[in-house]
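Peer 1: Could you have a look at this structure, given as structure tokens, before my questions?
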Amino acid sequence: MAPARVIGADHVGTWQNILESASVLRRDLHRIPELAWEEHLTAARVRAELDALGIRWRACATTGTIARLAPAAPGRHVALRADIDAMPVAEESTAPWTSEHEGVMHACGHDGHTATLLATARWLAAHEDDLPGPVTLLFQPAEEGGHGAKGMIDDGALDGVDVVFGWHNWPALGRGRIACPDGPVMSANGTFEVGVSGVGGHASQPEATRDPVLAAAAITVALQQLVARRLPPQTPVVVAVTWIDAPSGSTVTPATARLGGSIRVPDTALRDEVFAMIGDIAESTARAHGVSAAMTSTNRYAATVNHPAEAAELRAALVPAVIDAFGGTDASADIPIPVMASEDFSYYLAEVPGAFALVGAGDPHSCHSPRYDFNDALIAPVVRAYARLAGAPELPAADRRRGSENDTHRVSDT
């Protein structure tokens with residue numbers, strides 16, 4: 001990556017306006033959360049912002065949007081991504097910008113990701129003539145389990161793109177810490193369901209029944225030994241039984257029961273092996289209880305695996321930005337990597353070189369919590385990093401520090 005160019009202090013006012021507008025926009029988006037593939041209001045707001053900036057865009061994968069700057073520039077074509085969907089979580093907050101859509105909230109910070117990319121768009125639009133190559137902005141729907149990245153790719157989102165970058169806020173990381181390894185940064189995932197079939201009957205006559213509820217409970221316990229005894233201890237794997245269903249009356253032993261859950265593995269190839277073990281354990285445990293069991297599995301997202309050269313480039317852009325914003329001298333991750341959560345950014349990295357980073361917010365409420373709220377202090381350093389990756393001018397260090405001290409931070413809702 002070529003050294004970033006710096007510009008004079010006359011642009012500090014513009015920079016401050018961008019940050020202030022991004023915080024207002026983020027909170028506006030937080031009020032109108034929409035589930036995967038239903039992000040019509042969000043898409044309309046994104047497109048209106050792009051129109052106001054004079055940036056060319058087109059719809060992609062229905063509620064997604066692709067915007068492009070400097071399309072004729074001769075250099076490397078960089079893509080930058082933000083996800084726009086929300087989650088089926090009822091918000092527990094007293095913030096003025098709390099969700100207006102009952103049972104839906106931005107519990108994962110996609111409102112912040114979108115506002116950050118739009119702030120980047122404003123900066124890049126102001127310096128479009130300086131961009132060395134084309135820049136594509138990907139406003140992607142349906143990250144939360146909807147495979148939105150695949151839909152974007154199928155609709156041409158990566159056509160002509162040479163490299164792609166993305167990020168996710170991560171409250172569990174210390175404030176200003178970064179996880180951007182060479183290799184896996186987030187895990188592959190999948191879901192499973194086990195159907196248990198027995199013989200129902202009167203609860204007072206257990207000898208006349210074959211109890212699927214007892215067997216389902218035993219399978220749940222037995223599956224916890226998979227990680228402890230069937231896999232090397234150095235292999236980070238999560239097997240979680242998240243539900244059991246055996247509807248019946250208080251005096252009736254049912255004929256069937258079901259249980260299910262999810263797995264997380266650091267290597268996509270390991271997913272099939274873990275699923276096979278789950279099926280084996282379920283069937284063997286069921287036989288020991290005189291019943292039968294059958295397991296079905298569904299692959300969800302592959303592991304998010306960074307390309308080493310691009311990961312180094314993303315770190316080089318992010319580390320000075322977060323240190324300048326938050327202080328200190330160390331931006332290295334303070335949690336085990338890869339994290340066991342999953343991301344459909346993996347689809348992009350399977351198509352073109354690129355990298356994905358987790359940027360620490362150091363907040364008490366994790367993603368997917370009903371009390372979570374994106375930390376607006378993350379907007380400034382990520383915009384600076386994105387601008388550098390795109391080859392746009394960036395502020396000199398003294399002005400960057402003055403700007404970060406005046407950033408509009410998230411207001412506590414506690």
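The values are calculated or read from the model by the stated rules, or taken from the named source; none is laboratory data. Being a predicted model, the structure only gives us computed values, none of them experimental. Here the Cβ positions follow ideal geometry from the backbone for every residue, glycine too, while neighbour counts run over all protein chains shown.
Peer 1: Let me confirm something: among Thr136, Thr65, Thr42, which residue is closer than 25 Å to Asn189 by Cβ, among the polar types (S, T, N, Q) and in the same structural domain as Val359 (by TED's automatic domain parsing)? Show your work before the answer.
Peer 2: Values: Thr136 fails: closer than 25 Å to Asn189 by Cβ; Thr65 fails: closer than 25 Å to Asn189 by Cβ.
Just one listed residue meets the conditions, Thr42.
Peer 1: Based on what the data block shows, is Gly103 in the same structural domain as Arg27 (by TED's automatic domain parsing) and touching a residue at least 60 places away in the same chain (Cβ under 8 Å)? It would help to see each step written out before you state the result.
Peer 2: Details: in the same structural domain as Arg27 (by TED's automatic domain parsing): yes; touching a residue at least 60 places away in the same chain (Cβ under 8 Å): no.
For Gly103, the condition - in the same structural domain as Arg27 (by TED's automatic domain parsing) and touching a residue at least 60 places away in the same chain (Cβ under 8 Å) - is not met.
Peer 1: Considering each residue of the range 291-318, count those that are surrounded by fewer than 19 Cβ atoms within 10 Å (Cβ to Cβ) and either hydrophobic (A, V, I, L, M, F, W, C) or in a helix (DSSP H, G or I) (or both), and give that number.
Peer 2: Residues in the range 291-318 being surrounded by fewer than 19 Cβ atoms within 10 Å (Cβ to Cβ) and either hydrophobic (A, V, I, L, M, F, W, C) or in a helix (DSSP H, G or I) (or both): 5 in total.
Peer 1: Of the residues Gly290, Gly279, which is out of contact with any Phe, Trp or Tyr (no Cβ under 7 Å at 6 or more places or on another chain), at positive phi and assigned by TED's automatic domain parsing to the domain that holds Val196?
Peer 2: Numbers: Gly279 fails: at positive phi.
Result: Gly290 is the single residue among Gly290, Gly279 that is out of contact with any Phe, Trp or Tyr (no Cβ under 7 Å at 6 or more places or on another chain), at positive phi and assigned by TED's automatic domain parsing to the domain that holds Val196.
Peer 1: Looking at (1) over 30 Å from Ala311 (Cβ atoms); (2) surrounded by 20 or more Cβ atoms within 10 Å (Cβ to Cβ); (3) of a type in the set (Asp, Glu), which is the only condition Asp83 fails?
Peer 2: Here Asp83 meets the rest and fails (1).
Peer 1: Please count how many residues of the range 102-124 are over 20 Å from the mean Cα position of the chain (by Cα) and buried (at least 17 other Cβ atoms within 10 Å of the Cβ).
Peer 2: 4
Peer 1: When you check Thr304 against the structure, is it at pLDDT 95 or above, touching a helix residue (DSSP H, G or I) at 6+ places or on another chain (Cβ under 6 Å) and either assigned by TED's automatic domain parsing to the domain that holds Val241 or not aromatic (Phe, Trp, Tyr) (or both), yes or no? Give the steps one after another, and end with the answer.
Peer 2: On the way: at pLDDT 95 or above: yes; touching a helix residue (DSSP H, G or I) at 6+ places or on another chain (Cβ under 6 Å): yes; either assigned by TED's automatic domain parsing to the domain that holds Val241 or not aromatic (Phe, Trp, Tyr) (or both): yes.
Yes, satisfied.
Peer 1: OK, next. Consider the range 342-361. How many of its residues are buried (at least 20 other Cβ atoms within 10 Å of the Cβ) and part of a loop (DSSP other than H, G, I, E, B)? Outline the logic, then answer.
Peer 2: Quick first cut of the range 342-361, residues buried (at least 20 other Cβ atoms within 10 Å of the Cβ) only: 342-349, 354-361.
Checking the rest, the ones that are also part of a loop (DSSP other than H, G, I, E, B) come to 342-345, 361.
Qualifying residue count for the region: 5.
Peer 1: Among (1) modelled with pLDDT under 95; (2) closer than 15 Å to Arg210 by Cα, where does Leu231 come up short?
Peer 2: Failing condition for Leu231: (2).
Peer 1: For a quick check of your reading: which strands (runs of 3 or more DSSP E) sit entirely within the range 170-257 and have at least 1 residues that are more than 21 Å from Asn299 (Cβ to Cβ)?
Peer 2: Numbers: elements: 184-186, 188-197, 238-245.
By residue number, 188-197, 238-245.
Peer 1: All but one of (1) over 30 Å from Leu214 (Cβ atoms); (2) out of contact with any strand residue (DSSP E or B) (no Cβ under 7 Å at 6 or more places or on another chain); (3) surrounded by fewer than 16 Cβ atoms within 10 Å (Cβ to Cβ) hold for Ala276, so report the exception by its number.
Peer 2: Every listed condition holds for Ala276 apart from (1).
Peer 1: For the range 25-136, please list each of the strands (runs of 3 or more DSSP E) lying entirely inside it that holds at least 2 residues being within 27 Å of Ala361 (Cβ to Cβ). Lay out the reasoning, then the answer.
Peer 2: Numbers: elements: 56-60, 64-69, 78-83.
So the answer is 64-69, 78-83.
Peer 1: Taking the options Gly195, Gly156, name whichever one is surrounded by fewer than 24 Cβ atoms within 10 Å (Cβ to Cβ), more than 19 Å from Leu314 (Cβ to Cβ) and outside the structural domain of Ser248 (by TED's automatic domain parsing).
Peer 2: Details: Gly195 fails: outside the structural domain of Ser248 (by TED's automatic domain parsing).
Exactly one residue qualifies, and that residue is Gly156.
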